[in-house]
Amino acid sequence: MSTEHPPFPEDVPIHPLLVIDYELIKAGNKHEIERLWTAGTTLGFWYLKNHGVDEEVNGMFDVGAQTVLLPFEEKMKYEQGDEGMSFGYKAAGANVVDASGTKDITQFINIATDDALAWPVQARRSYPSTVNARMISTIIPFVEKSLAVNSTLIDVFDAKLGLPTGTLSKLHPKTEFSGSTTRCIYSPPILDRQATAISAHTDFGSLSFLHNRLGGLQVLVPGTEEWQYVKPLPGHAICNLGDAMVIFSGGILRSNLHRVVNPPGAQGSLDRYSLVYFTRPADSIVLRALTDESPLIADAVTHASDPKRFQPGVTALEWLTRRVKNRRVANQKGLGAWLNSGGTEHTTSDS
Ligand SMILES: O=C(O)CCC(=O)C(=O)O
Ligand SMILES: [Fe+2]
C-alpha cells in the first residue's frame with residue numbers, strides 16, 4: 001500500500017507530545033525514564049521513536065486494507081456481535097458515536113493476542129482469510145514485538161510507582177486469556193465535517209501502541225476546551241495509557257480522552273487506515289488500586305477526591321465487555337447504554 005499522501009496542514013491546532021526514545025528507555029537512561037514518567041502522569045500520551053516495529057507495521061496496514069476489501073457478507077461472518085466481545089470484525093454502523101444514537105462509519109478488525117500466540121490452534125475465535133494468510137509472516141511478529149515494547153514501558157511505570165519489581169507484569173501474563181488485541185481501523189472520508197469517526201473515549205486496557213499515517217486523532221488536553229490534533233510523525237508511534245493503569249496507580253497515571261475526526265486539510269478526502277496494539281490485563285484480574293503494594297499509590301488514593309473510582313469492583317474482562325457492549329447500536333435503549341459506556345474520564349465533552 002502506498003504511503004504517499006498530502007502533508008498534514010500547518011494551520012490546525014496541534015498538541016505536541018513528548019518524544020520518547022525507546023532505545024534509551026531499554027538502555028535504562030534515567031533522563032529518558034523521567035521524561036516517560038512525565039508523559040504518563042500528565043497527558044498519558046507520548047510519541048515513541050526507535051521502536052523497531054516499522055516493517056511489521058507496514059505489513060499490518062496491508063492486512064487492514066485487504067480485510068476491508070473483502071465482500072461485506074464475508075466480513076460479517078466474523079462480526080463481534082452485541083454481547084461485548086471485542087475480538088472480530090466491527091462493521092460500519094454497528095457502534096454509536098453519541099448519546100443521540102448517531103451510527104459510526106468506521107470498520108475494525110480486532111485480532112486477539114491469544115489467537116496469534118496459539119496459532120494455528122484457535123484460542124478465542126476465527127478470522128477472515130486475509131488475517132489467516134498473514135498470521136505467520138506479519139501478525140505474529142507484530143504482536144510479539146508490540147508486546148515486548150509495551151511490557152518494557154509498563155515495567156518502567158512499575159518501578160516509578162514504587163511497586164515490587166514485576167507487579168504490573170504479573171497482571172499481564174502471556175499465559176492467561178486477556179483482552180489484548182491488534183486492531184486495524186478503516187474510516188472512509190467523512191463528508192459531514194461535524195461527524196466523528198471514533199467518538200471521544202479513553203482506552204479500556206493498560207497501554208496502546210498506535211500507528212497513524214494520516215491526521216484525524218485528537219486529544220482533549222486537561223484544562224482546555226478545544227480538541228487538538230496529534231500530528232502523525234513518520235517512524236514515530238503514539239503511545240497512550242488506558243483505564244486499567246489509572247486504576248492500578250490510584251490515578252497517578254492518566255488515560256486521556258481522545259477521538260478520531262476526518263483527517264484535516266488535503267488529507268480529508270482520503271481513506272484513513274490506522275493500527276493499534278492494545279495491551280490489556282488478564283481477563284480475571286480484578287481492577288483495583290495497588291495500595292497494598294505501593295505507599296505512593298496508597299497515598300494517592302488517600303488524597304483522591306473520589307477514591308471509589310479506583311475500586312470499580314469488576315474484572316478486566318467485565319470492564320472491557322461493559323464498554324464495548326454499551327457502544328453497540330443494538331444495545332441503545334434510552335440513555336442508559338451510552339452513559340454506561342464510559343471509562344475513567346470525568347466528562348466527555350462531545351457526548
Ligand atoms: O485511529 C486512531 O488514530 C485512534 C484509534 C483509537 O483511539 C482506538 O482504536 O482506541
Ligand atoms: Fe483509543
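Quick test of your reading of the structure: Pro188 fulfils all but one of (1) within 18 Å of the chain's Cα centre (by Cα); (2) modelled with pLDDT of 95 or more. Name the failing condition by number.
Here Pro188 clears every test but (1).
Which condition breaks for Ala330 when tested against (1) in a loop (DSSP other than H, G, I, E, B); (2) surrounded by fewer than 19 Cβ atoms within 10 Å (Cβ to Cβ)?
(1)
Would you confirm, using the coordinates I've provided, whether Ser180 is within 16 Å of ligand 2 (Cβ to nearest atom), crowded, with 16+ Cβ neighbours inside 10 Å and closer than 21 Å to Ile25 by Cβ?
Details: within 16 Å of ligand 2 (Cβ to nearest atom): yes; crowded, with 16+ Cβ neighbours inside 10 Å: yes; closer than 21 Å to Ile25 by Cβ: yes.
Taking the combined requirement at face value, the residue satisfies it.
Scan the range 258-273 for residues that are more than 10 Å from ligand 2 (Cβ to nearest atom) and assigned to a strand (DSSP E or B) and jot them down. Spell out the reasoning first.
Here is the first cut: in the range 258-273, the residues more than 10 Å from ligand 2 (Cβ to nearest atom) are 261-273.
Across the range 258-273, the qualifying residues are Val261, Arg272, Tyr273.
Please determine whether any residue of the range 176-186 is of a type in the set (Lys, Arg), in contact with a strand residue (DSSP E or B) (Cβ under 7 Å, 6 or more places away or on another chain), part of a loop (DSSP other than H, G, I, E, B) and within 13 Å of ligand 1 (Cβ to nearest atom).
Residues of the range 176-186 that are of a type in the set (Lys, Arg), as a first pass: 183.
Now restrict to residues that are in contact with a strand residue (DSSP E or B) (Cβ under 7 Å, 6 or more places away or on another chain): 183.
Next, only the ones that are part of a loop (DSSP other than H, G, I, E, B) stay: none.
Scanning the range 176-186, I find no residue that is of a type in the set (Lys, Arg), in contact with a strand residue (DSSP E or B) (Cβ under 7 Å, 6 or more places away or on another chain), part of a loop (DSSP other than H, G, I, E, B) and within 13 Å of ligand 1 (Cβ to nearest atom), so the answer is no.
Condition test on Gln311, is it closer than 15 Å to Gly250 by Cβ and among the polar types (S, T, N, Q)? Walk me through it before giving the result.
Values: closer than 15 Å to Gly250 by Cβ: yes; among the polar types (S, T, N, Q): yes.
Here the answer is yes, as Gln311 does meet what is asked.
I'm told Asn132 meets every condition in (1) among the polar types (S, T, N, Q); (2) surrounded by fewer than 19 Cβ atoms within 10 Å (Cβ to Cβ); (3) farther than 26 Å from Phe72 by Cβ except one. Can you identify the failing condition by its number?
It is condition (3) that Asn132 fails.
Report every pair of residues separated by at least 6 positions or lying on different chains whose Cβ atoms are under 8 Å apart, first residue within the range 32-56 and within 20 Å of Ser255 (Cα to Cα), second assigned to a loop (DSSP other than H, G, I, E, B) and of a type in the set (Lys, Arg).
Within 8 Å, the pairs are Gly40/Arg254; Thr41/Arg254; Thr42/Arg254; Leu43/Arg254; Gly44/Arg254.
Would you point out which residue out of Ile136, Ile154 is more than 21 Å from Cys239 (Cα to Cα) and at pLDDT 95 or above? Walk me through how you get there before you give the answer.
Numbers: Ile154 fails: more than 21 Å from Cys239 (Cα to Cα).
Only one candidate passes the filter, namely Ile136.
Which residue pairs have Cβ atoms under 6 Å apart, sit 6 or more places apart or on different chains, and have a first residue in the range 195-212 that is within 16 Å of Asp243 (Cβ to Cβ) and at pLDDT 95 or above and a second that is near ligand 1 (Cβ under 8 Å from one of its atoms) and part of a loop (DSSP other than H, G, I, E, B)?
The qualifying pairs do not exist here.
Filter the range 225-257 down to the residues that are assigned to a strand (DSSP E or B) and buried (at least 24 other Cβ atoms within 10 Å of the Cβ), then identify the one that is farthest from ligand 2 (Cβ to nearest atom). It would help to see each step written out before you state the result.
Within the range 225-257, the subset assigned to a strand (DSSP E or B) is 228-229, 237-241.
If we keep only those that are buried (at least 24 other Cβ atoms within 10 Å of the Cβ) as well, we get 237, 239-241.
Numbers: Ala237: 13, Cys239: 11, Asn240: 7, Leu241: 11 Å.
It comes out as Ala237.
Scan the helices (runs of 4 or more DSSP H) fully inside the range 18-123 and keep the ones with 3 or more residues being in contact with a His (Cβ under 8 Å, 6 or more places away or on another chain) and at pLDDT 95 or above. Give the derivation first.
Numbers: elements: 22-26, 30-41, 54-68, 72-76, 113-118.
In the range 18-123, the matching helices (runs of 4 or more DSSP H) lie at 54-68.
Six or more apart or on different chains, Cβ atoms under 7 Å: show the pairs whose first residue is in the range 154-171 and crowded, with 23+ Cβ neighbours inside 10 Å and whose second is among the hydroxyl-bearing types (Ser, Thr, Tyr) and part of a helix (DSSP H, G or I).
Correct list of pairs: Asp158/Thr167; Asp158/Ser169.
Would you check if there is a residue in the range 287-300 being of a type in the set (Ser, Thr, Tyr), surrounded by 19 or more Cβ atoms within 10 Å (Cβ to Cβ) and either under 25 Å from Leu17 (Cα atoms) or in contact with a Lys or Arg (Cβ under 6 Å, 6 or more places away or on another chain) (or both)?
Within the range 287-300 (the criterion being of a type in the set (Ser, Thr, Tyr), surrounded by 19 or more Cβ atoms within 10 Å (Cβ to Cβ) and either under 25 Å from Leu17 (Cα atoms) or in contact with a Lys or Arg (Cβ under 6 Å, 6 or more places away or on another chain) (or both)), the answer is no, since none of the residues qualifies.
The values are calculated or read from the model by the stated rules, or taken from the named source; none is laboratory data. Note that the structure is a prediction, hence the values are computed from the model and not measured. For neighbour counting, all protein chains shown are included, and Cβ atoms are generated from backbone atoms with ideal geometry for every residue, glycine included.
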